[in-house]
Amino acid sequence: MPLRISAGVIWPVSTSPIVEGALLIDESGRIAEVGPDSTVPTPPSAAKLSLANAVVLPGLVNVHTHLELNGLRGRIEEADFFAWIKRVRAAKEAMEEAGFLQAARDGLLEVWRYGTTTVADTGTSGAAAVALGEMGGRGVYYQEAIAPDPEDCDEEFRTLVRTVTELSSGAPGGVEIGISPHAPYTVSAQLYTKVRDFARSEGLKLAAHIAESHAEVGFVARREGEFARAWTERSIPLPETARTPLEYVSRLGLLGPDLLAIHAVQADACDIELLRGFDVPVAVCPRSNQRHGHGNPPLAAFLESGLRCGLGTDSVASVDSLDLLAEARAACELAGIGPAEAIRMLTVGGAKALGKQDEFGSLEPGKWADLCVLEAEPSTSAAEGPLASSVLAAGSAAIRSTYVAGRLVHSAKWNWAPR
């Protein structure tokens, strides 16, 4: 049945906050009306929910997760990036298929608890795509391609095509399947090219870890460091050098509006212009970057250049939670943006980064009723800046419910009864 929700503040994000607002969700799970409480109709068949002490935001969009790694929380102690990658790989090799699936299910429940309604997830097992489908989640799942040795390219590509085809055939409407050639230090130029051509011929989205670490820059620009030594020890020919990782993948024809560039911490002014010229969206993960000593992403410069940017948590093997509001606070502290801009990145910014701004990311008629509901004092300011500051200060402890397409997927106890 239709659902009408009234609240102390409805913040569509695409427009200013609405004090004493309301929204009407139709039978299909889309928003039919949004506005001041006095203007939103109440159909006789609609269920009614009054939340006077609440702020209703669009559901948050987490543009980079690894839900299949949720079982590794607290298990990978290494901060050094190369050592961390080796430990994660060993831990994954020891896991069974059922373990990946349970981890992905747990991860999806966790993102819902943190007000997130859409994820852009990358993995090797396909478990996140399965979990999203069976639990009615929304997101893009990018199947990773990993093979640094050109001799392994054809076999890895055949496996990739088979897996993507199988996942696509069983994916429900809310789940999109894409491909992620992992990173310059794990993917040969030959595999990049094959993946690029296949994805674009099939209309599949791409995502790739690019310009994440100083070690990656050393590998690409100077053929030095631990990644270069690892390739040499395996007798894998080192790739041609490039000024930066972003320039390297640009030469390979990877950059485009269909590619989500994950991290991009090591991006200079020339790289930012490259991203802008190809209209490449960026997924920024400040807490993960800080944990591994990569530095802070040039987020303010990205936004000034008009890039489509969203925030991601990365995996709990890097950070302690899938809490996007914590990520937004980190973006304000480490990357020099304001609270209102951070909230936009969590919502409409993330939707734009995924090319889905017409479907979700703001509370507008016709879009999916993906909602994040936070408990708030009735006196909470409805001015955008103070409201954003209040939401970030309250953090995830204030989240009381999460809706995906009008369906309640998370509910927590309220501290006082709504008036």
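Along the Cα→Cβ direction, 7 angstrom out, place labels at Arg243 and Ser28. What is the inter-label distance in nm?
4.8
Considering amide H positions built from the backbone, and no H for Pro or chain starts, which residues 5 or more places from Gly123, or on another chain, come under 5 Å of its amide H?
When sequence neighbours closer than 5 places are left aside, the close amide H contacts are Tyr142, Glu144.
Select from Ile25, Ile343, Ile76 the residue whose mean-square fluctuation is largest in a Gaussian network model of the chain (Cα-Cα springs shorter than 10 Å).
Ile76
Output the direction-averaged projected area (hull surface divided by four) of the convex hull of the alpha-carbon atoms of the stretch 79-119, in nm². Working shown, then result.
Values: hull surface 15.3 nm².
Across all orientations, the stretch 79-119 yields a mean hull projection of 3.8 nm².
For the chain, with every protein chain kept in place, what is the accessible area per residue (1.4 Å probe, Å²)? Write down the numbers at each step before the final one.
Working: 15900 Å² over 419 residues.
Here the per-residue accessible area is 38 Å².
Suppose we take every Cα in the chain and form the convex hull; what volume per residue is that in Å³?
Spread over its residues, the Cα hull of the chain gives 128 Å³ apiece.
About its Cα centre, what dipole magnitude does the chain give when the only charges are +1 on Lys and Arg Cβ and -1 on Asp and Glu Cβ, stated in debye to the nearest 20?
Approximately 640 debye in magnitude.
Quick check on the chain: of the DSSP beta bridges with both residues there, what percent are antiparallel, nearest 5%?
Here the share of antiparallel DSSP bridges comes out near 40 percent.
Over all alpha-carbon pairs in the stretch 313-369, figure out the percentage whose distance exceeds 18 Å.
Every Cα pair in the stretch 313-369 considered, those over 18 Å come to 43 percent.
So, R0 is 22 Å and r is the distance between the beta-carbons of Trp414 and Ala300; what FRET efficiency does that work out to, to 0.05?
0.05
Treat every Asp and Glu Cβ in the stretch 1-112 as -1 and every Lys and Arg Cβ as +1, leave all other atoms uncharged, and give the resulting dipole magnitude about the Cα centre to the nearest 20 debye.
My answer is approximately 80 debye.
With a cut-off of 8 Å between alpha carbons and a minimum separation of six or more residues, what is the relative contact order of the stretch 1-150 in percent?
Taking the mean separation of contacting Cα pairs over the length of the stretch 1-150, I get 20 percent.
Measure off 7 Å from each Cα along the Cα-to-Cβ vector at Ala91 and Phe198, then give the distance between these two points in nanometres to one decimal.
Using points 7 Å along Cα→Cβ, the separation is 2.8 nm.
P(r) for the stretch 258-376, please, calculated from all Cα pair distances in 5 Å bins and given in %.
2, 12, 22, 24, 20, 13, 6, 2, 0
Within straight cross-link reach of Lys92, meaning Cα distance under 17 Å, which aspartates and glutamates are found once same-chain residues fewer than 8 apart are removed?
Of all the aspartates and glutamates, those that pass the test against Lys92 - Cα under 17 Å, at least 8 places apart if same chain - are Glu68, Glu77, Glu78, Asp106, Asp121, Glu144, Asp314.
Beta carbons within 10 angstrom, averaged per residue: use that to sort the peptides 356-365, 199-208, highest first.
Taking the mean over residues of other Cβ atoms within 10 Å, the ranking is 356-365, 199-208.
Order 228-235, 177-184, 67-74 from most to least packed using the mean count of other Cβ atoms within 10 Å.
For the peptides 228-235, 177-184, 67-74, the packing ranking is 177-184, 67-74, 228-235.
Between Ser50 and Arg276, what length in nm is gained on full extension when 0.36 nm per residue of separation is reduced by their alpha carbon distance?
So the chain would gain 77.0 nm between Ser50 and Arg276.
If I compute solvent accessible area with a 1.4 Å probe over the protein chains, what percent of it on the chain is carbon and sulfur?
Using a 1.4 Å probe with all protein chains present, the chain comes out at 50 percent carbon and sulfur.
Looking at the P(r) of the stretch 1-126, how many percent of alpha-carbon pairs lie beyond 23 Å?
Tail fraction, whole percent: 51.
Using only Cα atoms, locate the centre of the stretch 179-238 and the centre of the stretch 142-174, then give the distance between them in Å, rounded to an integer.
Measuring centre to centre over Cα atoms gives 16 Å.
Quick check on my link table: of Lys205/Lys352; Lys86/Lys352; Lys352/Lys413, which ones sit more than 25 Å apart, alpha carbon to alpha carbon?
Pairs exceeding 25 Å: Lys86/Lys352; Lys352/Lys413.
Counting alpha carbon pairs within less than 8 Å and at least 6 residues apart, what relative contact order, in whole percent, applies to the stretch 147-295?
Once normalised by length, the contact order is 22 percent.
Could you work out [θ]222 nm for the chain from helices alone, using -39500 (n - 2.57) per DSSP H run of at least four and dividing by all its residues? Round to the nearest 500 deg cm²/dmol.
-10500 deg cm²/dmol
Using only alpha carbon pairs under 8 Å that are at least six residues apart, calculate the relative contact order of the stretch 332-413 and give it in whole percent.
Rounded, it is 26 percent for the stretch 332-413.
Over all distinct Cα pairs, what is the inverse of the mean 1/r for the stretch 255-301, reported as the Kirkwood hydrodynamic radius in Å? Don't jump to the answer; show the numbers that get you there.
Details: mean 1/r = 0.0913 Å⁻¹.
About 11.0 Å, per the Kirkwood formula over Cα pairs.
Based on the Kirkwood radius over alpha-carbon pairs, what is the Stokes-Einstein translational diffusion coefficient of the stretch 192-295 at 37 °C with 0.692 mPa s viscosity, in µm²/s?
Translational D for this selection: 228 µm²/s.
How compact and how long is the stretch 140-256, expressed as Rg and Dmax of its alpha-carbon atoms in Å?
Every Cα atom of the stretch 140-256 included, Rg and Dmax give 14.6, 45 Å.
Pull out the extension gain between Arg251 and Glu359, defined as 0.36 nm times the separation in residues minus the alpha carbon to alpha carbon distance; nm, one decimal.
Once the chain is fully extended between Arg251 and Glu359, it gains 35.6 nm.
Could you check the spin-label model distance between Asp152 and Glu224? Points 7 Å from the Cα along Cα→Cβ, value in nm.
2.7
The values are calculated or read from the model by the stated rules, or taken from the named source; none is laboratory data. Given the structure is predicted, the values throughout are model-derived calculations rather than measurements. Here the Cβ is made from the backbone with ideal geometry for all residues, glycine too, and neighbour counts use every protein chain on show. Surface areas here come from the heavy atoms of the whole protein model, side chains and all, with no ligands, DNA or RNA. Shrake-Rupley method; radii C 1.70, N 1.55, O 1.52, S 1.80 Å.
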